[in-house]
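The values are calculated or read from the model by the stated rules, or taken from the named source; none is laboratory data. Quantities reported herein were computed from a predicted structural model and do not represent experimental measurements. Positions of Cβ are generated from backbone atoms using ideal geometry, with glycine treated the same way; all protein chains shown enter the neighbour counts.
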Amino acid sequence: MKIKLALLMAVALALPTYAMAQEKGGVLNVATIGEPPTLDPMTSTADLVGIVTQHIFETLYTFDKKWGVTPLLAESLPEVSADGKVYTIKLRSGIKFHDGSDMTSEDVVASLNRWVKLASRGKQASGFIDSIAAADASTVTIKLKQPYAPLTSLLAFNNSAAIIIPAKKQADTMTEFVGTGPYMLKERKADQYIQLVRFKDYKPRSGESDGYGGARHQYLDEIRFVPVPDANTRVEAAVSGQYDYVDSLPVESFDKLKASKATQPLLLKPFGYPVFVFNTAEGPAKSLEIRKAIRQALNMEDMLAAAFGSKDFYALDGNIYPAPYSWSTDAGVKGNYNVADPEGAAKAAKAAGYDGKPIRILTSRQYEFHYKMAQVAAEYLKAAGFQVDMQVVDWATLTQRRTDKALWDIYITHSPFLPEPALIGSLAPSSPGWWDTPARKTTVDAFSAEADPKKRIALWADVQKAIYADAPFMKIGDFNAVAAVSTKLKGVDPAPWPYFWNASITK
Amino acid sequence: MIHYILQRCAGMIVVMFLVVTIVFVIVRVTPGDPAAVMLGPDATPQDIAQLRARLGLDQSILMQYLFYIGQLLRGDLGQSIFLNMPVGRALIERAEPTFFLTVFSLAIASVIALPIGIYAAYRRGSFVDQASTTLAMLAASIPSFWLGLILIQFFAVRFGMFPVSGYGGPGASFLTRMYHLTLPAVALGLVSSALILRFTRASMLDVLGDDYIRTARAKGLVERRVILKHALKNALIPILTVLGLTAAVLISGAVVTETVFGLPGVGNLVVSAVLRRDYPVIQGALLVIAGLYVLINFAIDMLYLLVDPRVRY
């Protein structure tokens, strides 16, 4: 009787596990917003490139669920010398590339050298790096000229990424896509599909999965990324169940997706923030007082409502990072965000000597919410007595024009919440906007040099204060992203760069 | 005849040279930068400048033009900046969906438009005539992308009969690929049928009042023979012209329809290339499209010889 009872209990305990277990096999079809401009994630900061290639290539580190840096190809987090200038990185053993060769420190050194030469984020780090060398076959040492705390985050990021590729395949223009990732490239038919298949010699990390880190299970046989550039078609494709995961859907489609039997909406809350970047180098916005007057005029709530409709999809928030990010702080926000005072702004602009020169707002309809926010902002600015010149161009034109100081006063963009604030492009004086004041240098340099995580949080508050004091750019608020997930798909968590190595299909 | 053909060939070369030059200049003076697009939103101006130099875009427009002409004379359309392959290969890869979409759409349009157009002219003023003219006006006014979305809504989402988008996955059979073309071909075919129907009707009306038709009837020929042999043969020239031009438009890529249905055809390639400023692809694709237009026009002129013995070159 006791044996029977024990057996029954064992079965009862095992049942939930069995029911919860993810099935192996199957093909995942992912609808993306278009064809990635390249499959070399070192050479592009585009999110789409990162989304696809993070399955093929891996970095030394990555991010866990709480956006902490966690090892991936490295055995553990780096040993950092007491003066913060020497990073010793132990590599995992038994890692194979998709071409069957073993990963060694030689490959890592060659890859990191390519990264500092070609990648935007690598170049950002290169000014701090003195040397990259192999200490032995499984150890790499990075020596810095001065302490640079964001280094591990830069090494962990999946676009402009420090991917590790074979030492013999380091050409500037990548033609062979050989990584160490859980899936390998089988075929790319541009504008038709990118077909990835399970890499059978993949060696996952042990333990639990944790965000982008931890174990990568490879349940699926294949992942296919299919470009579906038209947003309406993506919505219909999701509702019809043609794709298992559909990326980047208009927020208006949320209810339609909810009513579907084949798919359900996946809300990433919050995803990112729209930004108005000022040209601090030339034109009317060069004057700090005028930048502040423009900010004073704007009603961020109206702009967000116009752009995203329901409060389910946006939040009024002046903190550059929202809660629960550890970087979240309200330093400098009070009295400088969502002031919505066009009359006061008019007086401030007059006092600042505004001469009626049009404020040129450079925006694109590639992202419709940029355009809608620009329209509302223009009305508030007109109410404050500003002349406004809306320049609506396509995204390619915007990315070119914003590099010319003579062509614009405000340009509109957006960003996901990056795991490390030092990755925010507008903090660099070379970034269009050209914020370069003593306050920027003092606060950003102190933040970048500090290694202690707690002290860095306090130092980030100083950077945010400087952002509100100097007004190089304005955060408008937080917004959420909508994707669609098939009811048969398991193991996909909301993420700014969705990943599928832990996903499975229920047959 | 040979003199005419040689003259036309010389004209075609001049047209193509003008196309190459005009497209090259327009593409270069249009704002936008492929390097900025490729490097992404966080690239610095220095990164962009370095990539421009690698791509040869830092050279003067004249130098780039001379280099491009040299490439063309060697039969090379250049290398796509984004696709990592020669432009010629990219175009060949995209030719299949566009070609079959064109064939299917034209077939659908012809099957609908020719009999109805002929019948509407034959029974001028009848209910069929009035209804078909009204429907043709309606079809001509409907944007193909809108019709596409409606078809998707009904036949793909509601009834699940067809896929919403794409051209089949890896290893998709020919039949699967053609199955993916059904809805876009119907959307394009219905819209194209309007123009063909109106031309067919008008052209038939022109000839049905002619003396030789009255003579044929007076001779006691059966009505079907009068319409299909005597009238239709003489009405074919404008119909052929409009069929040829519709084919040219479709071959050059039913740009919007291919985008809506996510078809990897020539139109989609051109749209992507324009959005990314992939200069070599834009130039190569427009050159090939212009070439096709020129050749189709030439072919139509040659076909006139077959259908109308009065035509002499």
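Select from the stretch A:178-198 the residues that are of a type in the set (A, V, I, L, M, F, W, C), in contact with a Lys or Arg (Cβ under 8 Å, 6 or more places away or on another chain) and in a loop (DSSP other than H, G, I, E, B) and list them in ascending order.
A:V178 - this is the single residue of the stretch A:178-198 that is of a type in the set (A, V, I, L, M, F, W, C), in contact with a Lys or Arg (Cβ under 8 Å, 6 or more places away or on another chain) and in a loop (DSSP other than H, G, I, E, B).
So the check is Cβ under 6 Å with 6+ separation or different chains; which pairs have a first residue in the stretch A:427-440 that's assigned by TED's automatic domain parsing to the domain that holds A:W408 and closer than 13 Å to B:A43 by Cα and a second one that's assigned to a loop (DSSP other than H, G, I, E, B) and among the acidic types (D, E)?
A:P429/A:D436
Name the one entry in B:T134, B:T200, B:T182 that is within 18 Å of the chain's Cα centre (by Cα) and either away from chain A (no Cβ under 14 Å) or modelled with pLDDT of 95 or more (or both).
None of the other options fit; the residue is B:T182.
If I filter the stretch B:270-293 for residues that are within 14 Å of chain A (Cβ to nearest Cβ), outside any helix (DSSP H, G or I), of a type in the set (D, E, K, R) and under 30 Å from B:P41 (Cα atoms), do I get at least one hit?
Yes, that holds for at least one residue.
For the stretch A:242-265, name all the residues that are charged (D, E, K, R) and either within 9 Å of chain B (Cβ to nearest Cβ) or in a helix (DSSP H, G or I) (or both).
Residues satisfying the conditions are A:E252, A:D255, A:K256, A:K258.
I'd like to know if the stretch A:369-382 contains one or more residues that are more than 14 Å from chain B (Cβ to nearest Cβ), closer than 19 Å to A:I476 by Cα and part of a strand (DSSP E or B).
no
Which of the residues belonging to the stretch A:142-172 are small (G, A, S), in a loop (DSSP other than H, G, I, E, B) and either more than 13 Å from A:W115 (Cα to Cα) or away from every other protein chain (no Cβ under 14 Å) (or both)? Talk me through it step by step, then tell me what you get.
Kept after step one, since they are small (G, A, S), are these residues of the stretch A:142-172: A:149, A:153, A:156, A:160-162, A:167, A:171.
Those left that are additionally in a loop (DSSP other than H, G, I, E, B): A:149, A:160-162, A:167, A:171.
Matches in the stretch A:142-172: A:A149, A:A162, A:A167.
So how many residues does the stretch A:343-368 have that are in a helix (DSSP H, G or I) and within 14 Å of another protein chain (Cβ to nearest Cβ)? Walk me through how you get there before you give the answer.
Residues of the stretch A:343-368 that are in a helix (DSSP H, G or I), as a first pass: A:343-351, A:368.
Now narrow it down to the ones that are within 14 Å of another protein chain (Cβ to nearest Cβ): none.
Within the stretch A:343-368, residues that are in a helix (DSSP H, G or I) and within 14 Å of another protein chain (Cβ to nearest Cβ) number 0.
Looking at the stretch A:461-477, is at least one residue farther than 27 Å from B:D278 by Cα and within 14 Å of chain B (Cβ to nearest Cβ)? Working first, answer last.
Here is the first cut: in the stretch A:461-477, the ones farther than 27 Å from B:D278 by Cα are A:461-477.
Pick out the ones that are also within 14 Å of chain B (Cβ to nearest Cβ) and you get A:473.
Yes; the residues of the stretch A:461-477 include at least one that is farther than 27 Å from B:D278 by Cα and within 14 Å of chain B (Cβ to nearest Cβ).
Say we look at the stretch A:383-414 and pick out the residues that are surrounded by fewer than 20 Cβ atoms within 10 Å (Cβ to Cβ) and among the small types (G, A, S); which of these is nearest to the other protein chains (Cβ to nearest Cβ)?
A:A406
Which condition number does A:F271 fail, the rest of (1) assigned to a loop (DSSP other than H, G, I, E, B); (2) touching a strand residue (DSSP E or B) at 6+ places or on another chain (Cβ under 9 Å); (3) in contact (Cβ under 8 Å) with a residue 60 or more places away in the chain being met?
(1)
How about the stretch A:419-466: which of its residues are under 19 Å from A:V277 (Cα atoms) and charged (D, E, K, R)?
Scanning the stretch A:419-466 gives A:D436, A:R440, A:K441, A:K465.
How many residues does the stretch B:188-212 contain that are closer than 15 Å to B:I142 by Cα and small (G, A, S)?
Summing the residues that are closer than 15 Å to B:I142 by Cα and small (G, A, S) in the stretch B:188-212 gives 4.
Could you list, in sequence order, the residues of the stretch B:269-313 that are farther than 30 Å from A:W395 by Cα and of a type in the set (D, E, K, R)?
Passing the criteria: B:D301, B:D308, B:R310, B:R312.
Mind checking whether some residue in the stretch B:209-217 is closer than 21 Å to B:T257 by Cα, among the β-branched types (V, I, T) and over 19 Å from the mean Cα position of the chain (by Cα)?
There is no residue in the stretch B:209-217 that is closer than 21 Å to B:T257 by Cα, among the β-branched types (V, I, T) and over 19 Å from the mean Cα position of the chain (by Cα).
Go through (1) buried (at least 18 other Cβ atoms within 10 Å of the Cβ); (2) in contact (Cβ under 8 Å) with a residue 24 or more places away in the chain and name the single condition A:I132 misses.
With (1) buried (at least 18 other Cβ atoms within 10 Å of the Cβ); (2) in contact (Cβ under 8 Å) with a residue 24 or more places away in the chain applied to A:I132, the lone miss is (2).
Would you check which residues across the stretch A:472-484 are crowded, with 22+ Cβ neighbours inside 10 Å and among the aliphatic types (A, V, I, L, M) and list them?
A:M474, A:I476, A:V482, A:A483, A:A484
Any chance you could count how many residues in the stretch A:173-187 are in contact (Cβ under 8 Å) with a residue 60 or more places away in the chain and either away from chain B (no Cβ under 14 Å) or in contact with a strand residue (DSSP E or B) (Cβ under 8 Å, 6 or more places away or on another chain) (or both)?
Of the residues in the stretch A:173-187, 9 are in contact (Cβ under 8 Å) with a residue 60 or more places away in the chain and either away from chain B (no Cβ under 14 Å) or in contact with a strand residue (DSSP E or B) (Cβ under 8 Å, 6 or more places away or on another chain) (or both).
Just wondering, is there one or more residues in the stretch B:74-86 that are more than 30 Å from B:A285 (Cβ to Cβ), surrounded by 13 or more Cβ atoms within 10 Å (Cβ to Cβ), at pLDDT below 90 and over 18 Å from the mean Cα position of the chain (by Cα)?
no
Yes or no, residue by residue, for (1) exposed (fewer than 15 other Cβ atoms within 10 Å of the Cβ); (2) away from chain A (no Cβ under 14 Å); (3) in contact with a Gly (Cβ under 6 Å, 6 or more places away or on another chain):
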| residue | (1), (2), (3) |
| --- | --- |
| B:Y167 | no, no, no |
| B:G220 | yes, yes, no |
| B:I227 | no, yes, no |
| B:H230 | no, yes, no |
| B:L236 | no, yes, no |
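Pull out all pairs, ordered by first then second residue, where Cβ-Cβ is under 9 Å, the residues are six or more apart or on different chains, the first lies in the stretch A:188-211 and is within 14 Å of chain B (Cβ to nearest Cβ) and closer than 13 Å to A:E222 by Cβ, and the second is assigned to a loop (DSSP other than H, G, I, E, B) and among the β-branched types (V, I, T).
Matching pairs, first to second residue: A:L196/A:I56.
Quick one: what pairs do we get from the stretch A:481-500, first residue over 17 Å from A:P419 (Cα atoms), second assigned to a strand (DSSP E or B) and of a type in the set (S, T, Y), C-beta under 6 Å, 6+ apart or different chains?
Sorted first by the residue in the stretch A:481-500, then by its partner, the pairs are A:A484/A:T263; A:V485/A:Y245; A:S486/A:T263; A:K490/A:S504; A:G491/A:S504.
Looking at the stretch A:217-241, which of the residues that are at pLDDT 95 or above, surrounded by fewer than 22 Cβ atoms within 10 Å (Cβ to Cβ) and closer than 19 Å to B:A172 by Cβ is farthest from the other protein chains (Cβ to nearest Cβ)?
Checking each candidate, the answer is A:D221.
Only one residue in A:D102, A:D130 is more than 14 Å from chain B (Cβ to nearest Cβ) and farther than 16 Å from A:P182 by Cα. Which one?
A:D130
Tell me which residues, restricted to the stretch A:453-470, are surrounded by fewer than 21 Cβ atoms within 10 Å (Cβ to Cβ) and of a type in the set (G, A, S).
Within the stretch A:453-470, A:A458, A:A461, A:A469 meet the criteria.
Condition check: modelled with pLDDT under 95, basic (K, R) and either over 18 Å from A:D47 (Cα atoms) or buried (at least 22 other Cβ atoms within 10 Å of the Cβ) (or both). Does A:K189 satisfy that? Talk me through it step by step, then tell me what you get.
Details: modelled with pLDDT under 95: yes; basic (K, R): yes; either over 18 Å from A:D47 (Cα atoms) or buried (at least 22 other Cβ atoms within 10 Å of the Cβ) (or both): yes.
Yes.
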